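Below you'll find the structure, written out as structure tokens, and then a few comments.
Only the coordinates and a few stated rules stand behind these numbers; no lab work does. None of these values were measured; they are calculated from a predicted model. Here the Cβ is made from the backbone with ideal geometry for all residues, glycine too, and neighbour counts use every protein chain on show.
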Amino acid sequence: MASQTEIARLSNVSQSAVSRILRGQAREFGITDVTAERVKIIAEALDYKPNPGAQMLLGRQTKLIGVVIRSFEDRFLATVLDELNARALESDYVLITVGLKEGQYRAREVNLLQAYRPDAFIVVGSTDFSHWGKDFLGSGKLIVQIGMAVDDPRVISCGTDEPKAAKLLVKHLYDLGHRRFGIIGDNSAVSRLRMNLFKMGLKEQPEPVAIPCVYLSDLKSTAAGIDCADHLMTDVMPAHWPTALIVTGDMIALGVLRRLSERGVSVPGTVSVASVGDIDFASLVSPSLTTVHLPVRDMAASSIQMIAGSLPHKSLLLAPQFMARESTGRPHSRADGTH
């Protein structure tokens, strides 16, 4: 990488003059336009890039973005991170990323991230900012969260219209003829929010519906789905089974599908399964998973655009899209005549 010393040698000026010219202070220090232009041409020819460490010490823009991700294991969030990286590179930014243990705020990791003095921060995944340090939230840096909207003016949210996503899913199942529902997921904040939205959506339907199974597992990801399916088959009498299971996330739903298949429960013959997220695997499993597509790549792109200055610093709610696939169908009649 070219240095200011090398540029100075080739330009036949001092290193301090090069520094002042590249900082846009040539006229302030009496450096002629001809000399400044010569230095800039040589710097461009050598593909000179400012030293990030020096930029940090001087308190200038570092072209770094600090990213805090709730979990590296979450496929949904991994897709967000992949898109963030691609969009950041397009805008000449570099990501510095740390992960949270079990989704909980950890001062050590976040303080380490702050030491690099990034130009902005992106928090990937919904979190409770009431537990975050005042130094982080009060840093004066732009903070964007990709996830649920938060009631904190210091944080800009870039997420999906969750109430609309719930309504799309509930309407699909109701219109198919389902009147007995189960709502299952893990015990995360996102799952608890979606569970309440699903309940509200079901209560708004023209005909009354039953919800004989509501269960949030203390496990995560596919393990939570397996646990939820076990709960359904162990603790709910077959005569009271829902005809449709609404799952709070795709990875959980994949665990549900696996366990039901292992136990010989037909999907959607015996029970329909629908979820939220539309991760990459959702369309590849058998049966393919009916889900609500959340525009995670658009959320990531918008976050970078806010930092780069091409979008205003204002919270966004992007529209979800329903994806009807093989895991849902009309309820089948049972031996007792119920659906």
**Request:** Please identify the longest segment of the chain free of exposed GluC sites (Glu not before Pro), where exposed means a DSSP state other than H, G, I, E or B and no more than 13 other Cβ atoms within 10 Å.
**Result:** 205-339
**Request:** Between residue 128 and residue 332, with labels modelled 7 Å along Cα→Cβ, what's the label distance in nm to one decimal, could you check?
**Result:** 4.3
**Item:** Simple spin-label estimate for residue 171 and residue 10 in nanometres, 7 Å along Cα-Cβ
**Value:** 6.1
**Message:** I need two numbers for the chain: Rg to one decimal and Dmax as a whole number, Cα atoms only, in Å.
**Reply:** 26.2, 94
**Request:** Would you mind checking which residues have amide H under 5 Å from residue 126's amide H? H placed 1.01 Å from N; only 5 or more apart, or other chain.
**Result:** 148
**Overall form of the stretch 160-300 per C-alpha gyration tensor (a/c, 1.5; a/b vs b/c)** = rounded
**Asked** In nm, to one decimal, how far is the modelled label at residue 141 from the one at residue 101, with both set 7 Å along Cα→Cβ?
**Response** 2.2
**Prompt:** Between residue 183 and residues 5 or more places away or on another chain, which pairs have amide H atoms under 5 Å apart, with H built 1.01 Å from N, and which residues are they?
**Reply:** 213, 214, 215, 246
**Request:** Would you look at the GNM of the chain, springs on alpha carbons closer than 10 Å, and say which of 275, 310, 327 moves the most?
**Result:** 310
**Request:** Could you calculate the contour length gain from residue 318 to residue 28, that is, 0.36 nm times the residue separation minus the distance between their Cα atoms, to one decimal place in nm?
**Result:** 99.7 nm
**Prompt:** Under the Karplus relation 6.51 cos²θ - 1.76 cosθ + 1.60, θ = phi - 60°, what is the ordered set of whole-Hz ³J(HN,Hα) values for the stretch 139-151, x standing for Gly and Pro?
**Reply:** 6, x, 7, 5, 10, 10, 10, 9, x, 5, 4, 10, 8
**Request:** Calculate, in nm to one decimal, what residue 63 and residue 219 gain on full extension: separation in residues at 0.36 nm each, minus their alpha carbon distance.
**Result:** 52.3 nm
**Complete:** Expected vector for the stretch 307-319, Karplus 3J(HN,Hα) from phi with 6.51, -1.76, 1.60 and θ = phi - 60°, integer Hz, x for Gly and Pro, equals 5, 6, x, 8, 10, x, 7, 9, 4, 10, 10, 8, 6
**Item:** Structure-based [θ]222 nm, the chain - -39500 (n - 2.57) summed over DSSP H runs of at least 4, per residue, nearest 500
**Value:** -12000 deg cm²/dmol
**Request:** Work out from phi, with θ = phi - 60° and the Karplus expression 6.51 cos²θ - 1.76 cosθ + 1.60, the ³J(HN,Hα) of each residue of the stretch 204-217, listed in order in whole Hz, and give x for Gly and Pro.
**Result:** 7, 6, x, 9, x, 10, 10, 10, x, 9, 10, 8, 10, 7
**Item:** Euclidean distance of C-alpha centroids, the stretch 212-266 and the stretch 281-321, integer Å
**Value:** 26
**Item:** Highest-MSF residue in the chain out of 82, 161, 250 [GNM, Cα springs under 10 Å]
**Value:** 82
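Pull out the extension gain between residue 235 and residue 37, defined as 0.36 nm times the separation in residues minus the alpha carbon to alpha carbon distance; nm, one decimal.
On the way: separation 198, 0.36 × 198 = 71.28 nm, distance 7.77 nm.
Working it through step by step, the gained length comes to 63.5 nm.
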